[in-house]
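Working notes, structure below.
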Amino acid sequence: MVDANRAQRLVILGTGGTIAGRASQAGDNVGYVAGQVSVADLVAAVPALAGLPLTVEQVAQVDSKDMGLPVWQALVRQLSVHLNDPTVPAVVVTHGTDTLEETAFVLQQVLQPRKPVVLTCAMRPASALAPDGPQNISDAVAVARQATGGGVVVVCAGQVHSARDVAKVHTYQLNAFDSGDAGPLACVEEGEVRSFRPWGTAPDQTSSDVLTRFMAADVLPRVELVTSHADADGSVVRALLAQAAPSRPLRGIVVAATGNGTVHQSLTEALNEARAGGVRVVLASRCARGRVVPHAGLAFDHSQGLSPVKARLALALELLAS
Ligand code: SIN
């Protein structure tokens, strides 16, 4: 709970990304290097934040294509410290766009935070002629200050998305994120948050066990992602089975399946061999919208509506806890 009698300060954690990117020429929106500018400098460039009580910390400085367990653990560690501080009502995290949806999902699953954790990003580097990062940070701070419930959300281009539904859907447009059929939770209009539906999650009872195991892990259980497509065969799955190292055995396969969870018959044969060998197989759809609708004809378990990359993380976290 937030202590109303003590000064409230927001915390902003930096992890890198295009929002912290720099190009050699100001007009270059694509030929830049991500993760160059400190989060302190990013925050200092947002006039709306001047004078607000803020604590700013650099947790990592990476291109989010390289995101993984070590940075997630460092982020969870710092988030836990700050979220447990009664003077901190919420935390903002700056992040690259490319794996933002995966970090948002992991943080939600592992931390189940009772306070808002607001991830934000940018599609243009900090050195752009018209960078989108300052507005996104300003909007993220508005969401962090106004949110009435806890949970991990993503703020980009004036929209607020849930960790479960958000996905990057465009390679360069500023409004690169979408929540599929669910739609965004809210929008930010001139610093005011307008909600479209109630949001903020109740903590899950399983979270403390997952959190402990997540923080103690050297690696996540090995779950690979394969795609079913025209002309597919089982060779990728059989290669995975053949080379699985005893130190990190293959524990799961998530299939980015066609349509409503269908899989090429040749790939299905290999997946059945994997399952017979104790490997968990889960179907997600490679379609950008909709979900695998459960029905008796599904060859394997389904992803409960999660996208392939999130289904992969959900299975790894489930295996970690088992
Ligand atoms: C990254 O994901 O770190 C680079 C790309 C981006 O932030 O848009």
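The values are calculated or read from the model by the stated rules, or taken from the named source; none is laboratory data. Just so we're clear, the structure is a prediction, and the values are computed from it rather than from any experiment. Quick reminder, even Gly has a Cβ in these numbers, built from the backbone with ideal geometry, and neighbours come from all protein chains shown. Heads up: the accessible areas ignore ligands, DNA and RNA and are worked out on the full protein's heavy atoms, side chains in. Shrake-Rupley method; radii C 1.70, N 1.55, O 1.52, S 1.80 Å.
What does the accessible area per residue of the chain come to in Å², with a 1.4 Å probe and no ligands, DNA or RNA counted?
In whole numbers, the chain has 45 Å² accessible per residue.
Which one, SER179, VAL106, ALA230, projects farthest toward the positive side of the charge dipole computed for the chain from Cβ point charges (K/R +1, D/E -1)?
VAL106
Once the whole set of protein chains is in place, how much accessible area is left on SER285, using a 1.4 Å probe, in Å² to the nearest 10?
We get 20 Å² for SER285.
Would you kindly find the accessible area of ASP181, with a 1.4 Å probe and non-protein molecules such as ligands, DNA and RNA excluded, rounding to the nearest 10 Å²?
110
Let me have the relative contact order for the chain, percent, based on Cα pairs under 8 Å that are six or more residues apart.
14
Please work out how much accessible surface VAL30 shows to a 1.4 Å probe, ignoring ligands, DNA and RNA, in Å² rounded to 10.
About 120 Å², rounded to the nearest 10.
Over all pairs of distinct alpha carbons, what does the Kirkwood formula give as the hydrodynamic radius of the chain, in Å?
Values: mean 1/r = 0.0487 Å⁻¹.
20.5 Å is the Kirkwood radius here.
Protein chains only, probe 1.4 Å: how do THR99, THR171, THR148 rank by accessible area, largest first?
Of THR99, THR171, THR148, the descending order of accessible area is THR148, THR171, THR99.
Name the residues whose placed amide hydrogens come within less than 5 Å of the amide hydrogen of VAL11, ignoring near sequence neighbours (fewer than 5 apart) on the same chain.
THR55, ALA90, VAL92
Out of the DSSP beta bridges found with both residues in the chain, what percent are antiparallel (nearest 5)?
Numbers: 15 of 48 bridges.
Once the DSSP bridges in the chain are tallied, antiparallel ones form about 30 percent.
For LYS310, go through the aspartates and glutamates and keep the ones whose alpha-carbon is under 14 Å away, minus same-chain ones fewer than eight residues off.
ASP98, GLU101, GLU102, ASP165, GLU224, GLU318
Hey, what's the per residue convex hull volume over the C-alpha atoms of region 4-195, in cubic angstrom?
104
With all protein chains present, how much of the accessible area of the chain (probe radius 1.4 Å) comes from carbon and sulfur, to the nearest whole percent?
It is 51 percent, rounded to a whole number.
Please list 3J(HN,Hα) in residue order for region 174-187, calculated via the Karplus relation 6.51 cos²θ - 1.76 cosθ + 1.60 where θ = phi - 60°; whole Hz, with x for glycine and proline.
Using θ = phi - 60°, the values come out as 5, 8, 8, 10, 8, 10, x, 4, 5, x, x, 6, 6, 10 Hz.
Please determine, in degrees from 0 to 90 and to the nearest 10, the orientation of helix 133-146 with respect to the longest principal axis defined by the Cα atoms of the chain, where the helix direction is its Cα long axis.
Taking Cα atoms only, the helix is inclined about 90 degrees.
Excluding GLU57 itself, calculate the net charge of residues whose Cβ lies under 13 Å from the Cβ of GLU57, where each Lys or Arg counts +1 and each Asp or Glu counts -1.
Local net charge: +1.
Output ³J(HN,Hα) for region 279-286: one whole-Hz value per residue in order, computed from phi by the Karplus curve 6.51 cos²θ - 1.76 cosθ + 1.60 with θ = phi - 60°, and x for Gly and Pro.
Using θ = phi - 60°, the values come out as 8, 6, 10, 10, 9, 10, 9, 7 Hz.
For region 92-136, what's the relative contact order in percent, using C-alpha pairs closer than 8 Å and at least 6 residues apart? The partial results should precede the final answer.
Values: 37 pairs, mean separation 18.3, N = 45.
Once divided by the residue count of region 92-136, the mean separation gives 41 percent.
In region 220-321, what % of DSSP beta bridges are antiparallel (nearest 5)?
That works out to approximately 5 percent antiparallel.
Can you run phi through the Karplus equation (6.51, -1.76, 1.60; θ = phi - 60°) for region 230-246 and list ³J(HN,Hα) in whole Hz, with x for Gly and Pro?
3, 6, 5, 9, x, 5, 5, 5, 5, 5, 4, 5, 5, 9, 4, 6, x
To the nearest 10 degrees, how steeply does helix 308-321 sit against the main Cα axis of the chain, on a 0 to 90 scale?
Here the helix axis deviates by roughly 80 degrees.
Order the peptides 259-267, 85-93 from the highest to the lowest mean number of other Cβ atoms within 10 Å of their residues.
Top of the packing list down: 85-93, 259-267.
Quick check: the angle from helix 100-111's long axis to the longest principal axis of the chain, C-alpha only, nearest 10 degrees?
In the chain, helix 100-111 runs at an angle near 90 degrees to the longest axis.
Measuring from centroid to centroid over Cα atoms, what is the spacing of region 167-201 and region 45-63 in Å?
22
What is the ratio of the Cα radius of gyration of region 240-322 to 2.2 N^0.38 Å, where N is its residue count, to two decimals?
1.07
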